[in-house]
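Q: Okay, here's the structure, questions in a sec.
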Amino acid sequence: MKVLLGVGGSSDSLTALEATVERALAADDELTVAVVENPRSDIDPDEVERRVREELSTVPVEAEVRRVEGDGGSRLVEIAESEGFDQIALGGGQTSPMGKINIGSIAEFVLLNAPVSVHLVR
């Protein structure tokens, strides 16, 4: 499966990185990691990219890592559609005290507009 993972620096996106890399190992997925700017994250995109590359260096998975400029959600949808990805993976947000999932604006846009399956990792 050709998987596009969006990572924006939030704790749930870094968790999604770990889980998606594990799945890529087990299922022999073709993985591309897109580092996007996340206005809700305090972590600079350069630091996010460094963490992604560090995580990937510890496992035997070959994955392309690319920086994505512009609106993260719309760029992920555009890349998935134009490059023939089978799935977009993202951090799945946090659970509110009432048990509802709170997702960020990037994940919300991707869920509502993606032409492919979206895997929310929690």
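Every number in this text was worked out from the coordinates using simple rules, so none of it is lab data. Everything numeric here is computed off the predicted structure, so don't read it as measured data. Positions of Cβ are generated from backbone atoms using ideal geometry, with glycine treated the same way; all protein chains shown enter the neighbour counts.
Q: For semi-axes √(5λ) of the Cα gyration tensor in Å, which listed value, (i) 23, 18, 14; (ii) 26, 15, 11; (iii) 20, 16, 15, comes from the coordinates shown?
A: Label (iii) holds the value from this structure.
Q: Provide the percentage of antiparallel DSSP beta bridges, counting only those with both residues in region 2-121; round to the nearest 5.
A: Working: 2 of 22 bridges.
Expressed as a percentage, antiparallel bridges in region 2-121 total about 10.
Q: Still on this model: Among 120, 31, 112, 76, rank each residue by its count of other Cβ atoms within 10 Å, from fewest to most, as a rough exposure measure.
A: Working: 120 17, 31 23, 112 10, 76 28.
Sorted ascending by nearby Cβ count, the order is 112, 120, 31, 76.
Q: So for the pair residue 47, residue 71, with labels modelled 7 Å out along Cα→Cβ, what separation do we get in nm?
A: Taking the two extended label points, one gets 2.7 nm.
Q: Let me ask you something else. For residue 112 paired with residue 59, estimate the spin-label separation in nm (one decimal), with each label point 7 Å from Cα along the Cα-to-Cβ line.
A: 3.1 nm
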